[in-house]
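The structure appears below as structure tokens.
The values are calculated or read from the model by the stated rules, or taken from the named source; none is laboratory data. Not measured: the values here are computed from a predicted model. FYI the Cβ positions are ideal-geometry reconstructions off the backbone, even for glycines, and counts take in every protein chain you see. Note: accessible area is taken over every heavy atom of the protein model, side chains too, but ligands, DNA and RNA are not part of it. Shrake-Rupley method; radii C 1.70, N 1.55, O 1.52, S 1.80 Å.
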Amino acid sequence: MEIRPLVLACSLLLAGAFPALAEEKEALLPVQEFLQYVREPFQAPTRATFSGKLQSDPSREGKRCLEPLTLEAAFAAGEMHGLIMVGAKKDTPGDAYSIVQRQEPGKTPVVELKLPEKAVTAPLASLGLYPEDISFTFVYWDLLHDFKHYAVAGQTCRLLELQHPTTGDRVLASFSVKYGFPLRIEHYRKGEDKPWRILEFKDFKEYADGFWFIKEMVIH
């Protein structure tokens, strides 16, 4: 199968949303406590902003797609609101995608996506981008396994296998042990042993103490 990557060359500012753990706590944290630590930023009032370029090969017409992209996301206890703008230029407003995620205590979040009436650029799904890539719904799925630590992009990561409680779909997610942020997520359909999608965050830069930029997100 040919790999056709979607690249979001952007700047995602993690404005102190993922505070670092002390080194001695990193190694000792039980998996359920670590999961709670991972979920906390999505329960506290948190804002994130993307801006940059979306690159896809091929696009809907089988050609390279290069479009401006902006994304705003606001997290709070039990809900997330996001707005994705693709292809906005001087002569066109582009396509607007509105995302709302709500969660009742003890339940898996429900994601609602409002599509543009007619997409000027290639639809998000045809590019391989889904609302859950922004809302991180999978962090609330059921834990199946806690694997050994290993390195991703120079960060020591904890590999967790999580399963959707109703569909049976799974992810293998590599979380930074120090910050709790997912750096690589492999998506598996129910009963399959090969991932159908892989999402990776790459090229990090620290702007100031506790303020990090992710400069690129790649989806295969």
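Between residue 198 and residue 66, the FRET efficiency from the beta-carbon distance, with R0 = 22 Å, is close to 0.55.
Between the amide H of residue 197 and those of 187, distances stay under 5 Å, these residues lying 5 or more places away or on another chain, with hydrogens modeled in the peptide plane. The residues of segment 48-174 expose on average 53 square angstrom of accessible surface per residue, using a 1.4 Å probe on protein heavy atoms. Beyond 20 Å, the tail of the calculated P(r) for segment 87-155 holds 53 percent of the Cα pairs. Maximal additional length on extending the residue 39-residue 108 stretch stands at 23.6 nm, based on 0.36 nm per residue less the C-alpha distance. Principal semi-axes of the equivalent ellipsoid, √(5λ) from the alpha carbon gyration tensor of segment 111-211, are 25, 21, 12 Å from largest down. Amide hydrogen proximity for residue 157: with H placed 1.01 Å from N in the peptide plane, the residues at 5 or more positions away or on another chain lying under 5 Å are 150, 151, 152, 177. Summing Lys and Arg as +1 and Asp and Glu as -1 over all other residues whose Cβ lies under 12 Å from the Cβ of residue 166 gives a net charge of 0.
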